[in-house]
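Quick notes on the structure that follows.
The values are calculated or read from the model by the stated rules, or taken from the named source; none is laboratory data. For clarity, every value in this text was computed on a predicted model and none was experimentally measured. Glycine also receives a Cβ, built like all others from the backbone with ideal geometry; neighbour counts cover every protein chain displayed. Calculation scope for accessible area: heavy atoms of the full protein, side chains included, ligands and nucleic acids excluded. Shrake-Rupley method; radii C 1.70, N 1.55, O 1.52, S 1.80 Å.
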Amino acid sequence: MSGLVMCTGVDCRLGGRSVLSGTDLTVAEAESIALVGTSGCGKSTLLRVIAGLEIPEAGEVLIGGTPATRDGRLLVPPHRRRIAMLFQDLALWPNLSVYENVRLGISGLRLPGKQSRERIEQTLELCGILDLANRRPGTLSGGQQQRVALARALAMHPKLLLLDEPLGGLDLVTKQGMLREIAGLKSELGFGIILVTHDPVEVYGVCQSLAVLQDGRIVEQGSFEQIRTSARSELGKAFATAMQGRCEG
Amino acid sequence: MTLNGHNTRAILRWWLVGCVLCLAIAPVLPLLSVALVQESARPVWTAAFRGAMLSSSWLGVGVSSFALLIGLPLGLLAALYRFPGRRPLILFQALPLLLPSFLPCIGWSNLTTVRWLSWLPILDGFSGCVFVLGLQAVPLPFFAAWAACQNLTASQVDAARLHGGERDVLALSARASGPAAFLAALLGGILSLSSLGAPLIFGARSVAMEIRTSFSALFDFELAGRQCLFLGGIVLLLTWPILFIGLRTLASAVLARQTRPVVPYHHSLMGRLAFGALFLSLVIGIGLPTLGLCLPAVRNPMLGRAFQKVWATAGTTLVFTGGAGVVAVMLATLVALAAAADSRMRLVALAVLLSLLAMPPAMAAIGVSRVATEAPPQLDWLTRSQLTIVLVLGLRFLPVAAVAMMRAVGSMSPSWIDAGRIHGVTPFRMLRRVILPNLMPAIVVSVLLVMVLAAADITTTHLLQPPGSQSLPVAIFTVMANSHEGLVASLCLIYLVGVVGMLLIASQIPRLWQRRAA
Amino acid sequence: MTIRLAVRYSAFLLVPATLVGCSSSPPSSKTNVAAESGTVVVYSSVDEVFAEPICKQFERQTGIAVELVPDTEETKSTGLLNRLIAEKARPRADVFWSGDPVRAAILKSKDVSAAYHSPSAEGLPADFADPGDYWTGFSARARVLIYNTDLVSEAERPTSIHDLGSPKFKGKACLANPLFGTTSMHAAALFQVLGDEAAKEFFQTLVDNGVKIVSSNGEVRRRVVKGEFAIGITDTDDVNVAIQEGKPVGFVYPDSQGIGTLIVPNAAVLIAGCPNGDNGKKFIDFLLSSETEAALARSEAAQMPLRSDVELPDGFPFKPVAELKVMRVDYATLADKLEEISHGFLKQWVDENQ
């Protein structure tokens, strides 16, 4: 079986410390998966390995069936993986306007001028920030900045969107609005999602399945129902229960 | 967390930093190599040199301790409390560092000639040197402590305040900024090793004086070279362990990012104390020596002649210092960007550069003029022109620019680069569109800083200036001996006003940038 | 917007380019121009304020441009002499105008200078010139005793350098660092005239009497003016500054009954292999002329002419050299003596007593 992403036996060390050891994770086409785990267990690193920002010493990462990283060698650079990422601090370029942020974000695609303009405007419209196109990120509210980051990510038409706790600083109403929007865009555009989070609220409505990372390896992966019934980890159980309570509620 | 699995990139970065470091070392190499290779009739490690070394070491320790004892508390008070005139008072604390070291010395020694100031103790010998050089070094730990306090979060400070009041706040911030301030004070001590003015004017023994004697009385360049080598070696020996122990502190100080910065607190007693301390430090650090320098100008102003001189030398001064600023900051930006992901590389670069800063400037200048003589005339554009001074001065102040730029690069989020990589933005485009524009305020401020420092480095300019081009500080220096005190004082005054102006401009740049960005 | 950005960034890149450009192109063209038009490059250890008017006068008279690189005796740097020595293989200077003959002699011993017998040297006493014409002396200063008239009465004023070791001035006398400048020359002269043993004894009496070593002759003047010290040894030009400013000081030509006063003539030196020798020689001719001696006597330095027929300005504070009891010194060998004691006795003396 070859999914959208397939990690096998990934070992990764950072600053002399083993962060991932023998991690396996599979994400199917257009699947949305929540990646949970205790703080510092390697969730962000796994996302960075999938994105190609970190090269693991051992193991293999397949993207769409093609080897992207294998045994410490980068075979497909980050920008050719069709993976976008929403960073924890959003990583908006502060000196550029919203429009320019998105434009620089798709500069790697080398689209002709007109096409690029259309794509940017479409995406801004889709994210509801077309009227903010000439503003700089520093002058926007937190929620607006999230949308800009989302627009920049989606403008490259990714097959997979990596979300690294990007909604942490938002109030509940804005957060839920954002989540609804992401879910809507996902069903409209058909990309997969890996969402790193600590918050069941974020998972609800966006993800269908759960992967639990513990001590650098995935200890379980499956639908909420599967995990709730046969959970091997405390965290998995707690998460699935919280989700179920929410669904029933 | 940043990418460090990419071996080739890491190797490339080490190469780049290595090249810049080699370039920085290049000017002092000719004399050092002569010193190492050639047999000399005279031994270096004589009793006199040992004595001078010992005296210099004590001088360094004295200057560092003095600067730390004054600079650290001042820096904490400035960072933590609100008081009237806070911004200018903080800004002008930098002044003593930006003047040529002989100016305050002369100012102080002039002061006691004034009848109504004759009660001031006469500065003399070792203690005089420690006092004047220490005052000049105070800005270093002051700004280090101030900057380190900026890295504390407001909640940390609030927690300390709730827990034990101002005493706990001061204790917390002293602990947080102590290491950075200590390192800065140490740098001040190292810099004082190569300072000539104070030991010369107040009559104290120092290695710099020994080296000067070898140069100017014995005309023994090899001996001088070997003495410099010794000095550099000892500085390295002393500083490397300290630097490596302070690795984490320095790395975090240079790379710190904050969530919610400390806001100066309104506390009437501490505010008043802070105001008083900063004001007093300005009066003693810059006010009194300036008064000493300028009193003769009040008695006998020769501003007209002074302006004439300034006018004649302004262009050259700008070319020398501006060029040096640009060279230093370009290289520093390169080093800072290359070493952004690797704290070990940053440290090695800093250690090498800082030990170079301790070398007497004459080393490089004499070495370069020797190379120039050996080189074919076709290379004169490089070895015997204004470009030579620009390069030598730029390389000399590369360490200062490097620290400033490392801090600026450290304040950028690493995820900007990650986002660029994911989106396929080419490194060049990333540099041009995102990194350089965001570094621009720091770049401009660093250029101005290096300009002021380079202007104060008289030895290099004096020994390398092509015939017919004279810079203002060198002009002051050459008219100092037997010209009318009024003229000298007027020139010094104009110079001081110029430095204050530069400082004001530099302080406004980040603000202007922010306003433009908004 | 793109264009605006492009302009902005190209401007940013252009700044260093232009700065470096304007710093590199003019000098290279300038040196070419200098070589072609015959500009004379003069390194001078004489203070710029005194040297510059003379250069200007030369330019006016001959139409030959002069580029002056001044130094100062009070130099806190390592000085122009080092630069001349460092540049020996391919000099940039044509002429070195030295404030004292010892520096000129050092240049000779380091093979930096070339022999030149100027026709203008006619009338200048041969005692003050190198026998091989490697340098020629003109207008001079003298090493004199300076005293503070508030602290020392007319009757008590010193008359000999030995008074620095006299009990009545114990702890009240100062001297510039004898490793540098004219003081070093004075020390070498004493070794030559008194003999090694007597000179060493003299320096020992200075130590015993608590004579303070200060940084420079200017500093001696300042501290005596201030009253910090009652007497000191310095140069006539320094004394003149204090007199002109109306300070309470007097001066004495020392040892007019004994070994005599040390005369420190300026020295004109032609640099060997210099780029512009012919005009360099013309400049030296001009320096040695009685016109320059008269001009230097009129200047703030109040230099004493070596020629006896040069007219002195009104109120000239010093005597012509011819009227003084001059210390008999062999200037040509003074540099060797200085080198010997600089490495030996004098260095140690300074190290121990500073």
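What to note about this one:
- Surface share of carbon and sulfur [accessible, 1.4 angstrom probe, percent] for region A:90-157: 44 percent
- Partner lysines for A:Lys237 [C-alpha distance under 30 Å; skip if fewer than 8 residues away on the same chain]: A:Lys43, A:Lys159, A:Lys175, A:Lys186
- Exposure of B:Phe320 as accessible area (Å², to 10), given a probe of 1.4 Å and all protein chains: 0 Å²
- Whole-number D in µm²/s for chain B (Stokes-Einstein; Kirkwood sum over Cα pairs; 25 °C, 0.890 mPa s): 102 µm²/s
- Dipole of the protein assembly as shown computed with +1 at Lys/Arg Cβ and -1 at Asp/Glu Cβ about the Cα centre; of C:Cys274, B:Pro43, B:Tyr495, farthest Cα towards the positive end is B:Tyr495.
- Residues in the protein assembly as shown average 39 Å² of solvent-accessible surface per residue, probe 1.4 Å, ligands and nucleic acids excluded.
- Total accessible surface hidden between A and B, rounded to 100 Å², 1.4 Å probe: 2500 Å²
- Whichever lysines have a C-alpha closer than 26 Å to that of B:Lys309, once near sequence neighbours (fewer than 8 apart) are set aside: C:Lys30, C:Lys56, C:Lys76
- From phi via Karplus (6.51, -1.76, 1.60), per-residue ³J(HN,Hα) for region B:123-131 in Hz, x at Gly/Pro: 7, 8, x, 4, 5, x, 4, 4, 5
- Compared with the alpha-carbon gap, the fully stretched path from B:Val283 to B:Val263 is longer by 4.5 nm at 0.36 nm per residue.
- Near-label residues of region C:164-189 by backbone N, under 12 Å of a point 7 Å along Cα→Cβ of C:Asp208: C:165-167
- GNM top mover of A:Thr23, A:Thr38, A:Thr69 - chain A, alpha-carbon springs below 10 Å: A:Thr38
- Taking the square roots of 5 times each eigenvalue of the Cα gyration tensor of region B:385-445, largest first, gives ellipsoid semi-axes of 29, 14, 9 Å.
- Relative intensity, log₁₀ I(q)/I(0), of region B:346-414 from a Debye sum that treats every alpha carbon as a point, q = 0.15, 0.20 Å⁻¹: -0.61, -0.85
- Three semi-axes describe the equivalent ellipsoid of the protein assembly as shown; taken as square roots of 5 times the Cα gyration tensor eigenvalues and ordered largest first, they are 70, 30, 25 Å.
- A Förster radius of 30 Å, combined with the Cβ-Cβ distance separating C:Lys110 from C:Asp330, puts the computed FRET efficiency at roughly 0.95.
- Under DSSP loop assignment and at most 16 Cβ neighbours within 10 Å, longest trypsin sites (Lys or Arg not before Pro)-free interval of chain B: B:258-518
- Label-zone membership for region A:173-197, site A:Glu29, 7 angstrom Cα→C-beta point, backbone N under 19 Å: A:186-194
- Protection proxy ranking of C:329-342, B:181-194, by the mean of other Cβ atoms within 10 Å over each peptide's residues and highest first, is B:181-194, C:329-342.
- Ligands, DNA and RNA left out, the accessible area of chain C computed with a 1.4 Å probe is 52% carbon and sulfur.
- Other-chain or far-sequence residues with amide H under 5 Å of C:Val41's (modelled H): C:Glu67, C:Asp94, C:Val95
- Note that region C:264-342, at 20 °C in a medium of 1.002 mPa s, gets a Stokes-Einstein diffusion coefficient of 144 µm²/s from its Kirkwood radius over C-alpha pairs.
- Compared with its chain on its own, region C:76-122 contains the following residues whose accessible area drops by 40 Å² or more in the full protein assembly (probe 1.4 Å; ligands, DNA and RNA excluded): C:Lys76, C:Ser77, C:Thr78, C:Asn82, C:Arg83, C:Ala86, C:Arg90, C:Arg92.
- Cα Rg over Rh - chain C, Kirkwood: 1.06
- Förster radius 25 Å - calculated FRET efficiency between A:Val219 and A:Gln176, Cβ distance, rounded to 0.05: 0.30
- Inverse mean reciprocal Cα-Cα distance (Kirkwood Rh) of region A:90-157, Å: 11.5 Å
- Each residue of region B:383-398 is assigned a 3J(HN,Hα), and the resulting list reads 9, 9, 10, 5, 4, 4, 4, 4, 5, 5, 5, x, 5, 5, 9, 3 Hz, derived from the Karplus form 6.51 cos²θ - 1.76 cosθ + 1.60 (θ = phi - 60°), x at Gly and Pro.
- Once the Cα-Cα distance is subtracted from the 0.36 nm per residue extended length, the A:Arg17 to A:Leu74 segment shows a gain of 18.4 nm.
- Ranked order, B:Leu512, B:Leu140 - accessible area, probe 1.4 Å, largest first: B:Leu512, B:Leu140
- Value of [θ]222 nm, deg cm²/dmol, for the protein assembly as shown, DSSP H segments ≥ 4, -39500 (n - 2.57) each, nearest 500: -18500 deg cm²/dmol
- Links that overshoot a 28 Å alpha carbon limit, given the list C:Lys108/C:Lys281; C:Lys170/C:Lys226; C:Lys247/C:Lys282; C:Lys168/C:Lys226; C:Lys108/C:Lys347: C:Lys247/C:Lys282
- Of C:Tyr43, C:Gly99, C:Pro167, farthest towards positive along the dipole that unit charges on Lys, Arg, Asp, Glu beta carbons give region C:36-170: C:Pro167
- The 3J(HN,Hα) values that the Karplus relation (6.51, -1.76, 1.60; θ = phi - 60°) gives for region C:53-63 are, in residue order, x, 5, 4, 4, 4, 4, 4, 4, 6, 9, x Hz. Gly and Pro appear as x.
- Only Lys, Arg (+1) and Asp, Glu (-1) charged, at Cβ; region C:148-221 dipole about Cα centre in debye: 180 debye
- Assuming charge only on the beta carbon of Lys and Arg (+1) and of Asp and Glu (-1), the dipole of region A:90-157 about its Cα centre is about 180 debye to the nearest 20.
- The distance between label points at A:His198 and B:Trp58 comes to 5.7 nm (points 7 Å beyond Cα on the Cα→Cβ vector).
- For the protein assembly as shown, the dipole from Cβ point charges (+1 on Lys and Arg, -1 on Asp and Glu) about the Cα centre works out to 4120 debye, to the nearest 20.
- The calculated FRET efficiency for the pair B:Ala154 and A:Arg232, based on their C-beta separation and a Förster distance of 60 Å, comes to about 0.90.
- Share of carbon and sulfur in the accessible heavy-atom surface of chain B [1.4 Å probe, %]: 71 percent
- Loop sites in region C:174-264: chymotrypsin sites (Phe, Trp or Tyr not before Pro), DSSP, at most 10 other Cβ within 10 Å: none
- Selected from B:Ile417, B:Leu356, A:Ala30, residue furthest toward positive end of dipole (the protein assembly as shown; charges at beta carbon): A:Ala30
- Debye-sum result for region A:173-241 in log10 I(q)/I(0), which assumes one identical scatterer on each alpha carbon, at q = 0.13, 0.19, 0.23, 0.28 Å⁻¹: -0.40, -0.78, -1.01, -1.24
- Only protein heavy atoms count here, probed at 1.4 Å, and on that basis chains B and C bury about 6300 Å² of accessible area in total.
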